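What follows is a set of notes on a single structure, which appears directly below.
What follows is calculated from the coordinates using simple rules that are stated; it is not laboratory data. Predicted, not measured: the structure shown is a model, and the values here were computed from it. Glycine gets a Cβ as well: all are built from the backbone with ideal geometry, and neighbour counts include every protein chain shown.
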Amino acid sequence: MIDLRTKADLQRLVEEGLEESLTLDYKASPSLSRDGKAPDELCKDVTALANSAGGQLVYGVEEDKFTKKPTRVDDGVADPKVTREWIEQILNSRVQPRMNGVTTSRIDMGNGQFGYVIYIPQTQTGPHQAPDGKYYKRFDLQSVPMHDYEIRDIMRRSTTPDLFTELWFDGREKTHMPSITQGAQHSEAVMLHCVVLNRSNTPAYHVVVDFFVDFDLPIPFQVGPFRSIGERDKAPRAKMRIFRRVINSPPDLPIFKDGEVEQHSGVVAVQIPFEVLQGGNIYLETSIQAPGFSATEEWLIAARNGQLKLVPPKERRTPRHPYGWSGD
């Protein structure tokens, strides 16, 4: 999330024209009020962010209703009885079930009035219900009612694990300059480390992790616990080698939130063709399956002038090329 502590931070949002998004919602200060339906609107907007991906609700910034970009920093909330404590009291008394992890920062506007930034994590105990008895989500930069299947999906978050993978090179680095012998067609072995992590409070006890690697990358040797189980060759997707590992607890430790243990990591060794090292993209995939959960993530290794850079799924900017690596 964006670090917003001062009026200058809010002004920077305006100057940079940072428009609203799934996780960022601007509100003019008069919207934060004790009058009429304003407290219920506060609850609706906060629960919508929590029920979606989490985010920030910024009071003190006016926006253009068409471009969704901030237009100016306003004078702040005039009512001295609107405080961080009042915001907390409203959310705790009107939102069901009670929300965890929500924090509020007060921003001095320099005129005796204040703006407020509410930081809302994605719920793991919801969905959260607004005072009108409805469940809301963020959609098309608005707070809109949720469908039944969406409510059920959020309920699942509190009872099933939410697993994902992290990849890195040796030394936990996201970049790597592989060695290559003069005249060789491929680099020396490049170690791709894969660890399984959990966003949910619910531990995962039985997990299958598949690591897909482009079929044309040579595999100089295998490193446990990943083992080769064959290949995937279904056009138009790239032909991939499949490496699998299975985590069972016991004897392995369960995968729990904010926990990272050596047992949950593994390595696949590959070699990079010389021509790809000079400029090209290499595509990888990870697939995770557990009781009540499955997910697939697409990773990218960008090779430029002999250097490799791992690009996580959330930073991908272009669609996946369907036939493995590609140049610019």
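For the range 57-89, the tally of residues that are basic (Lys, Arg) and part of a strand (DSSP E or B) stands at 1.
Here Val213, Val246, Val209 are screened, and the one residue that is out of contact with any Leu (no Cβ under 7 Å at 6 or more places or on another chain) and either surrounded by 16 or more Cβ atoms within 10 Å (Cβ to Cβ) or over 19 Å from His264 (Cβ atoms) (or both) is Val209.
Checking each residue of the range 99-118 against the condition of being in contact (Cβ under 8 Å) with a residue 60 or more places away in the chain and within 30 Å of Arg152 (Cα to Cα) gives at least one match.
Residue check: Val196 meets all listed conditions (1) in contact with a helix residue (DSSP H, G or I) (Cβ under 6 Å, 6 or more places away or on another chain); (2) exposed (fewer than 15 other Cβ atoms within 10 Å of the Cβ); (3) among the aliphatic types (A, V, I, L, M) but one, namely (2). Checking every residue in the range 68-88 against the condition of being touching a residue at least 12 places away in the same chain (Cβ under 8 Å), surrounded by 15 or more Cβ atoms within 10 Å (Cβ to Cβ), within 20 Å of Arg138 (Cβ to Cβ) and among the acidic types (Asp, Glu) gives zero matches.
For the range 33-40, does any single residue satisfy the condition of being acidic (Asp, Glu) and more than 16 Å from Tyr135 (Cβ to Cβ)? It would help to see each step written out before you state the result.
Keep residues of the range 33-40 that are acidic (Asp, Glu), which gives 35, 40.
Subsequent filtering for residues that are more than 16 Å from Tyr135 (Cβ to Cβ) retains 35.
Yes, that holds for at least one residue.
The residues in the range 135-147 that are without any contact (Cβ under 8 Å) to a residue 60 or more places away in the chain and in a loop (DSSP other than H, G, I, E, B) can be counted, and the count is 2. Of all the numbered requirements in (1) surrounded by fewer than 18 Cβ atoms within 10 Å (Cβ to Cβ); (2) touching a residue at least 24 places away in the same chain (Cβ under 8 Å); (3) part of a helix (DSSP H, G or I), Asp45 misses one, and that requirement is (1). Output the number of the condition that Ala204 fails; it satisfies all remaining conditions of (1) surrounded by 21 or more Cβ atoms within 10 Å (Cβ to Cβ); (2) touching an Asp or Glu at 6+ places or on another chain (Cβ under 8 Å); (3) over 22 Å from Val311 (Cβ atoms). It fails just one condition, (2).
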